1. Would you check which residues across the range 161-203 are under 22 Å from Glu142 (Cβ atoms), among the small types (Gly, Ala, Ser) and either part of a helix (DSSP H, G or I) or not assigned by TED's automatic domain parsing to the domain that holds Val218 (or both) and list them?
2. What's the number of the only condition in (1) modelled with pLDDT of 85 or more; (2) in contact with a Lys or Arg (Cβ under 6 Å, 6 or more places away or on another chain); (3) more than 12 Å from Asn167 (Cβ to Cβ); (4) of a type outside the set (A, V, I, L, M) that Pro205 fails to meet?
3. State yes or no: is Arg90 modelled with pLDDT of 75 or more and among the charged types (D, E, K, R)?
4. Just to be sure I understand, how many residues within the range 1-20 are of a type in the set (Lys, Arg) and touching a residue at least 12 places away in the same chain (Cβ under 8 Å)?
5. Just name the residue that is surrounded by the fewest Cβ atoms within 10 Å (Cβ to Cβ) out of those in the range 40-50 that are among the hydrophobic types (A, V, I, L, M, F, W, C) and under 15 Å from Ala5 (Cβ atoms).
6. Would you pick out the residues in the range 21-37 that are touching a residue at least 24 places away in the same chain (Cβ under 8 Å), in a loop (DSSP other than H, G, I, E, B) and not aliphatic (A, V, I, L, M)?
7. Does the range 1-20 hold any residues that are touching a Ser or Thr at 6+ places or on another chain (Cβ under 9 Å) and part of a loop (DSSP other than H, G, I, E, B), and which are they?
8. Is it fair to say Tyr210 is touching a residue at least 12 places away in the same chain (Cβ under 8 Å), in a helix (DSSP H, G or I) and in contact with a His (Cβ under 7 Å, 6 or more places away or on another chain)?
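The values are calculated or read from the model by the stated rules, or taken from the named source; none is laboratory data. Note that the coordinates shown come from a computational prediction; the quantities given were computed from them, not determined experimentally. All Cβ positions, glycine included, derive from the backbone under ideal geometry; neighbour counts span all protein chains shown.
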Amino acid sequence: MTEWAIKDLAKATGLTSRALRHYEHIGLLHPSRVASNGYRFYGDAEVARLYRILSLRALELPLPTIRRALDDQTTLADAIEGHLALLEERRERITEQITDVRRVRDAVRKGRPMPIEDVFSGVDESRYEEEVRTRWGDAAWERSAKRRAEMSEEQRAEDDKRSLDVNAALRAAADDGEAPDSSRFQDLVATHHRWVTDQWGGKAPNREAYVGLAEMYVADARFAAVYGGEANAATIRDAIRIWTDAHLT
């Protein structure tokens, strides 16, 4: 039987060793054996199971749901066949998403104004999972994923609209040249903090986490684009710092 060390499996999949250990902790994926030095190794059956986990994760299913779906024994070949079927089902949606993103890109390049809903139309939030796990821990992602999984389709639509509204308001204040310490900006940041708390499954970000989130808005071009560019993101970060100094210990 071929075996792979945890570091090799992490490198091959793009996961972190921490994420694989978390999968073990919650009973989702156990190593085939653990050496006397604590090193974990994975065999063919575990690789097949991990393949199914990742294919289901691509469908934005939360980990507890995936664990319940993996009770049967499946070979790697069967897992790949099932993944192929799922990919074919999603092909139409991916094609639509590509069209949306190209339209947004062309509009931004040409300086055409467009509704904030259209800017977000091609965004897939699941791609941030590893980033969230690394920055704020596994629990932060699990709480957020569980929250979304328990919503109805209508509730998710309302939640998405709220997200758009909160972030669009911050962008509008920055576009208007509002000072970071103005009452308007500080009220918007208070609303944003409540929104982040809800997004994180009810756990309010502390001072360090909230300022770290604001710094990411500036440092990561993906987030800066949401707020109209790095300059706007920097203004929003400054407003968050001011609000944090006044309200978080």
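1. Residues of the range 161-203 that are under 22 Å from Glu142 (Cβ atoms), as a first pass: 162-163, 193-203.
From what is left, the residues that are among the small types (Gly, Ala, Ser) are 163, 201-202.
Correct list: Ser163 only.
2. The failed condition is (2).
3. Working: modelled with pLDDT of 75 or more: no; among the charged types (D, E, K, R): yes.
So Arg90 does not fit the description; no.
4. To start, the set of residues in the range 1-20 that are of a type in the set (Lys, Arg) comprises 7, 11, 18.
Applying the additional criterion that residues be touching a residue at least 12 places away in the same chain (Cβ under 8 Å) yields 18.
Adding up the residues that qualify gives 1.
5. If we filter the range 40-50 for residues that are among the hydrophobic types (A, V, I, L, M, F, W, C), which is where we start, we get 41, 45, 47-48, 50.
Those left that are additionally under 15 Å from Ala5 (Cβ atoms): 41, 47, 50.
Values: Phe41: 17, Val47: 19, Leu50: 22.
That would be Phe41.
6. Gly27, Pro31, Ser32
7. Listed by number, the residues that qualify are Met1, Glu3, Thr16.
8. Details: touching a residue at least 12 places away in the same chain (Cβ under 8 Å): yes; in a helix (DSSP H, G or I): yes; in contact with a His (Cβ under 7 Å, 6 or more places away or on another chain): yes.
When the stated conditions are applied, Tyr210 passes them.
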